Amino acid sequence: MKILVINDLFEQRHIERIKAAASECKAQVFFYKNEKEIPQSDYDADIIYGFAPSIVSTSKKLKWLCAPWAGVDSLMAPGYFANENCLLTNSAGAYGVSIAEHMIAVALMMMRRLTEFYAETMNGKWLFPRSQKSLKDCRITVLGTGDIGTTFAKRAKAFEPKTIAGVCRSGKADDPVYDHVYNVLDLDKILPDTDLLAMSLPSTPETKGILSRKRISLLPEGAYVINVGRGSAIDEEALVENLESEHLAGAALDVFQTEPLPINSELWKTKNLLITPHIAGNLTVPYTKDKNVQMFLEDLKNFVTGKPLRYLVDRNLGY
């Protein structure tokens, strides 16, 4: 059995852990920083942990692709896999901590107007206090109650918000952090009572455009929006208009319909919009790297012993 690990962010301790696990499985493992380094002789791999579309699309021998990220919508295109029976897992569950911290950070930056103060102090200006808002007594709606949304909700709870409502496809969530959990069909009823909308949805046919122009208008004046899921979930043109008119007090986007965000995009100049370049969740935080490798090794053991893979993607759902 041959395993290819393609990643330039793993540290030596991660490499050693993977080597040890491969040895126990009596498998060969090869490490590459990117797909361009892989010689043709290794295109016959049984398992790939990383990004290698040229192999995935041509090798009928590939049995399992483990994506080291959470969102796999780009892997769902018809014909992406030469072997249609190739198993696909993702690393949803590794990024909750990193992305939740980012969400808390940008929420405070917007509500406490820290970007304004920072910009002025960098220009040598001492500003007098101005109106600010707080997470305390805030009505928070978490759209997407998976690992990321729930990890955020747990951290937001410490700020004593008025309510934390969860919204998801099933209308159910096991974690008690939510005061109420609603079906996504009830989203229109919840938005008027939302001060902070935190979005962490995968890209599926059902989530595309879910925050439409009409739904943005349902948010109360002065509300905030955070999106760390997929850019396709928001009507960006309507978001811009509602930020410019100050119907929305602010928005923080880490994901966009087009990435990288084009230099001529009006989003760059939009008032009260905090932009980050899809960095809320990535393999730079030590915990995220450790968890990512741990999840792969857990499923490697399952794969070798013939057990179901724990992090298997449901291709019908898209996650």
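The values are calculated or read from the model by the stated rules, or taken from the named source; none is laboratory data. What you are looking at is a predicted structure, and each value in this text was computed from that prediction instead of being measured. When we count neighbours, we look across all protein chains shown, and the Cβ atoms used for this are built from the backbone with ideal geometry, even at glycine. These accessible areas exclude ligands, DNA and RNA; they are computed on the full protein's heavy atoms, side chains included. Shrake-Rupley method; radii C 1.70, N 1.55, O 1.52, S 1.80 Å.
Details
- Among the listed pairs LYS61/LYS208; LYS33/LYS289; LYS60/LYS307, those beyond 24 Å (Cα-Cα): LYS61/LYS208
- Of all lysines in the structure, the ones whose alpha carbon falls short of 18 Å from that of LYS271, not counting any fewer than 8 places away in one chain, are LYS133.
- Each of LEU135, TYR311, ASN272 was placed along the dipole of the chain (beta-carbon charges, centred on the mean Cα), and the one lying farthest toward the positive end is TYR311.
- The range 49-190 shape via C-alpha gyration tensor axes, a/c threshold 1.5: oblate
- Under the shape rule built on the C-alpha gyration tensor, where the axes satisfy a ≥ b ≥ c, the range 6-47 is oblate, since a/c reaches at least 1.5 while a/b does not exceed b/c.
- Extended-chain gain in nm, criterion 0.36 nm per residue less alpha-carbon gap, ASN282 and SER74: 73.2 nm
- Cross-link partners for LYS214 among the aspartates and glutamates, with Cα-Cα distance under 19 Å and sequence neighbours closer than 8 places in the same chain left out: ASP186, ASP188, ASP193, ASP195, GLU206, ASP235, GLU236, GLU237, GLU241, GLU244, GLU246.
- In Hz, Karplus ³J(HN,Hα) per residue of the range 125-141 (6.51, -1.76, 1.60; θ = phi - 60°; x = Gly, Pro): 10, 9, 8, 7, x, 9, 4, 10, 10, 9, 6, 5, 6, 7, 8, 9, 10
- Taking TRP126, TRP69 and ordering them by how much accessible surface each has at a 1.4 Å probe, largest first, produces TRP126, TRP69.
- A dipole drawn for the range 1-89 from +1 and -1 charges on Cβ atoms has a positive end, and of PHE30, ASN7, SER54 the residue lying farthest that way is PHE30.
- Gaussian network model of the chain, Cα within-10 Å springs - most flexible of LYS125, LYS214, LYS271: LYS125
- Among (1) 21.4, 66; (2) 22.0, 73; (3) 24.8, 97, the entry derived from the coordinates for Rg and Dmax of the Cα atoms in Å: (1)
- Among ASN85, ASN123, ASN282, residue whose mean-square fluctuation peaks in a GNM of the chain (springs only between Cα atoms under 10 Å): ASN123
- In this structure, the amide hydrogen of VAL181, modeled 1.01 Å from its nitrogen in the peptide plane, lies closer than 5 angstrom to those of GLY166, counting only residues at least 5 positions away or on a different chain.
- Exposed GluC sites (Glu not before Pro) absent: longest stretch of the chain, with sites in DSSP loops and at most 14 other Cβ within 10 Å deemed exposed: 85-205
- Computed over the range 112-248, relative contact order equals 20 percent, with contacts defined as Cα pairs under 8 Å that lie 6+ residues apart.
- Model label sites at SER23 and LYS61, defined 7 Å from Cα along the beta-carbon direction, differ in position by 2.5 nm.
- Accessible solvent surface per residue of the range 245-288, calculated while the other protein chains remain in place, 1.4 angstrom probe, Å²: 54
- Selected from LYS291, LYS154, LYS26 as most flexible by GNM, with the chain as the system and alpha-carbon contacts under 10 Å: LYS26
- The residues of the range 1-125 expose on average 50 square angstrom of accessible surface per residue, using a 1.4 Å probe on protein heavy atoms.
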